[in-house]
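The values are calculated or read from the model by the stated rules, or taken from the named source; none is laboratory data. Remember, predicted model here, so these are calculated numbers, not experimental data. Cβ coordinates were reconstructed from backbone atoms using ideal geometry, including for glycine residues, and neighbour counts include every protein chain displayed.
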Amino acid sequence: MKRFFVSLLAALVLAFPIAIAIGRSPWFGHWMANGHGWDALDPLLNFFGVIGVEGEGDVLVNTLLVVSFVLSFALAWFVFGVITRARPHQTK
């Protein structure tokens, strides 16, 4: 249970910087500029009934934050597990 909460806290701290890094990466801008990104987001845009550029931007930012949170949680879970296994266990 401790591993979950530590990973959750780390994911909350890392989600925003990871979202910025993904959003500023050249491949993400290229993917969105070609239209492939909007094609991939089309089911979400239709699901939320988005009309107009502002709504599309909101869906894009929220999706980016959710993806970055999931990535940061997986990264924190993995790092916490590696650190736990690398430390020698003390026997009583």
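Remarks
- Residues in segment 55-77 that are farther than 10 Å from ALA19 by Cβ, modelled with pLDDT of 95 or more and not aliphatic (A, V, I, L, M): PHE73 alone.
- Pairing each residue of segment 66-81 that is at positive phi with any residue that is in a helix (DSSP H, G or I), provided the two are 6+ apart or on different chains, yields no C-beta distance under 6 Å.
- Positions within segment 21-61 being closer than 24 Å to SER7 by Cβ and either in contact with a Leu (Cβ under 9 Å, 6 or more places away or on another chain) or of a type in the set (Phe, Trp, Tyr) (or both), in sequence order: ILE22, GLY23
- Scanning segment 18-60 for residues that are of a type outside the set (A, V, I, L, M) and touching a residue at least 40 places away in the same chain (Cβ under 8 Å) turns up just one, GLY23.
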